[in-house]
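Data block below; observations after.
The values are calculated or read from the model by the stated rules, or taken from the named source; none is laboratory data. On a predicted model such as this, the values are computed, not experimentally measured, just so you know. Glycine gets a Cβ as well: all are built from the backbone with ideal geometry, and neighbour counts include every protein chain shown.
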Amino acid sequence: QRARAFVHQTPLFSFSSSSSFFLLQMAEPGDRDVIIGRGDGEEESCSGFLGLRFDIGGSSKSRTKSFHPPIETHWDLNSAAAAAAGKKASSPIKSLLSYPLMKFRKTKSLIMILEGAHDPKDKQIVDSFREMLLREGLLPPKHNDYHTLLRFLRMRDFDMSKSKEMFQNYLKWRKDFRVDVLPKEFNFTEYDEVKKCYPHGYHGVDRYGRPVYIERIGMVDLNNLGQVTTFERFIKHHVSEQEKTLKVRFPACSLAAKRHIASTTSILDVNGVGMSNFSKPARYLFMEIQKIDSCYYPETLNQLFIINAGSGFRMLWKAVKAFLDVRTMAKIHVLGSNYLSVLLEAIDPSNLPTFLGGNCTCSDYGGCLMSDRGPWKNPEVLEMIQVVNLREEINGKCEDGDVDIEDSSMPKMVDMQNKDGNIMNLLEEAACPGSDSACSCRLVLQKIDCLEASLGDIKNKIKTLEDALQDTKMALKQHEERPKT
């Protein structure tokens with residue numbers, strides 16, 4: 001059963017691994033009905049996404065069906081991050097106290113980058129959707145995120161009722177699958193071994209700043225894959241990697257590019273792939289992966305380049321494209337062996353491995369697909385994300401017990417600071433549930449904001465005094481240099 005379980009876990013089943021997407025077409029008619037929906041909001045039909053352009057000739061038949069290819073995310077955070085995930089969680093306020101005040105000074109500008117510009121039309125619909133969910137008690141603070149809500153609305157063509165149903169299913173699935181505790185409870189120790197049998201990974205960013213994901217389907221060793229992991233563990237790993245992509249990789253790319261990044265550019269090398277590569281167990285796993293990605297992580301693929309598409313693969317493609325709607329096909333670029341010029345339009349050579357025609361070897365990491373190279377590996381960027389998340393976590397924990405607080409002024413702040421002798425004492429007091437000043441967690445952030453404003457005023461005054469002192473020195477020097485009469 002172990003060997004059978006992972007025949008599913010080839011790149012042919014998940015979608016950055018779009019091969020999974022094509023593998024589906026080899027299924028029996030009954031299987032096909034389960035996986036591909038008509039895009040009309042049926043319960044398990046999680047399909048459709050925004051279009052860009054399509055590179056292959058021909059048009060889809062009038063009898064098309066929507067199919068949303070999900071993003072595949074197979075990568076590991078560095079060991080330090082993994083170790084940190086296993087530590088006992090601490091109070092957000094206590095964590096806040098471990099950061100110097102200066103760490104929080106730029107959080108507002110960082111949040112603006114991570115949020116990006118909101119289209120007025122989209123914002124109006126998202127606000128209406130949010131209000132509806134709040135009225136019905138269906139929007140936990142943790143998931144009250146503009147871009148999350150927008151992704152579900154887009155997936156259902158901005159139909160509020162269908163989007164609500166999809167969002168409800170998403171929340172229920174997260175609870176049933178225990179998504180939020182996966183980082184603590186699940187450790188995919190066989191990851192390195194899986195990667196040897198299944199060449200894949202993230203490597204750099206495209207010219208816009210999106211993460212680039214690569215899979216080499218033709219080099220997959222199914223026999224060895226079946227010996228190193230199981231179906232259930234692979235599904236958990238897949239979900240945990242999706243979570244890391246949303247929470248770490250996209251934010252890191254956003255901060256590096258200084259604009260909102262929320263999708264991936266994927267490359268699927270199908271050299272040598274044909275009809276014989278797809279098995280019924282593989283199709284079964286794909287059904288599970290496709291459902292998770294389409295229904296619970298929608299709208300995260302920017303575009304997919306399928307390269308080295310030979311005659312065997314093109315036979316599959318002819319069967320597949322009849323089931324795709326225009327929006328889906330617009331994100332897929334099917335290319336032969338002369339793909340390099342097209343890839344270079346989207347990705348700089350420094351972010352392409354040499355085996356794809358780029359300049360990078362990542363020799364220090366054992367190859368490009370082992371390096372997990374990208375902004376998400378930069379310690380400074382990760383620390384910025386941690387600070388932003390910490391602040392948002394504190395705000396989120398205040399939602400249930402929010403209390404109106406008088407508008408804080410610096411004189412009050414100074415009085416409180418003098419009373420306790422140290423601003424850290426003030427923060428510790430606010431963090432203590434039994435303290436008279438512990439109105440809410442938000443009080444701490446308000447005091448920090450107040451201090452930030454005060455520090456700015458003090459700097460301006462110091463600059464003014466320095467300028468005045470310099471003028472005084474010049475006047476004294478001129479007076480001394482005057483000839484005595």
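Contact map, the stretch 112-138: first residue closer than 23 Å to Leu246 by Cα, second residue not in a helix (DSSP H, G or I), Cβ cut-off under 6 Å, separation 6 or more or different chains; pairs are Ile113/Lys258; Gly116/His260; Ile125/Phe158; Leu133/Leu139.
Checked against (1) among the aliphatic types (A, V, I, L, M); (2) crowded, with 22+ Cβ neighbours inside 10 Å; (3) assigned to a helix (DSSP H, G or I), Leu304 meets all criteria but (3). Residues of the stretch 330-382 that are within 27 Å of Lys196 (Cβ to Cβ) and charged (D, E, K, R): Asp364, Asp372, Arg373, Lys377. For the stretch 321-341, the set of residues classified as surrounded by 22 or more Cβ atoms within 10 Å (Cβ to Cβ), hydrophobic (A, V, I, L, M, F, W, C) and not in a loop (DSSP other than H, G, I, E, B) consists of Met329, Ile332, Val334, listed by residue number. Counting only helices (runs of 4 or more DSSP H) that fall entirely inside the stretch 140-221 and contain at least 1 residues that are touching a Lys or Arg at 6+ places or on another chain (Cβ under 9 Å) and not assigned by TED's automatic domain parsing to the domain that holds Ser266, the qualifying elements are 146-155, 160-177, 182-185.
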